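Reading through the structure tokens given below for one structure.
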Amino acid sequence: MPHLSVFIRRFLFVWLVWAFAVPAWALVDLNTASEQQLRTVKGIGPVKAQAILAYRTKYGSFHSLSDLRKIKGFGAKTVARLAPGLSISGKPASAPAPASAPASAASSVGPRGRH
């Protein structure tokens, strides 16, 4: 039964690939994650993980992703980069929208400057 052994090998290969790939897709909850779990998010090392835990201990749960900006070292760009790997209380976190220019200023400035 050589065909059965080939099937079993392929099945095991696919299962192993899936088993190791699925954790990489999981979102990390800012309100419940341990330091080790936070460090699985690309861009969060030991210092940032400790800062998140310290903030959570001092101020309580995160209510939005923009709360991260209250922590030293977490600017708008950093928060936007981290957003795809984070969730808040089980809901995917989304990066805060950048502030836009007022409508009156936008209408008076064209692609070549002021008119």
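The values are calculated or read from the model by the stated rules, or taken from the named source; none is laboratory data. Being a predicted model, the structure only gives us computed values, none of them experimental. Here the Cβ is made from the backbone with ideal geometry for all residues, glycine too, and neighbour counts use every protein chain on show.
Here are some notes:
- Meeting the requirement of 1 or more residues that are modelled with pLDDT of 95 or more and in contact with a strand residue (DSSP E or B) (Cβ under 8 Å, 6 or more places away or on another chain), the helices (runs of 4 or more DSSP H) wholly within the range 35-94 are 35-38.
- Residue, modelled with the lowest pLDDT, within the range 1-34, restricted to residues that are surrounded by 10 or more Cβ atoms within 10 Å (Cβ to Cβ), within 21 Å of the chain's Cα centre (by Cα) and hydrophobic (A, V, I, L, M, F, W, C): ALA26
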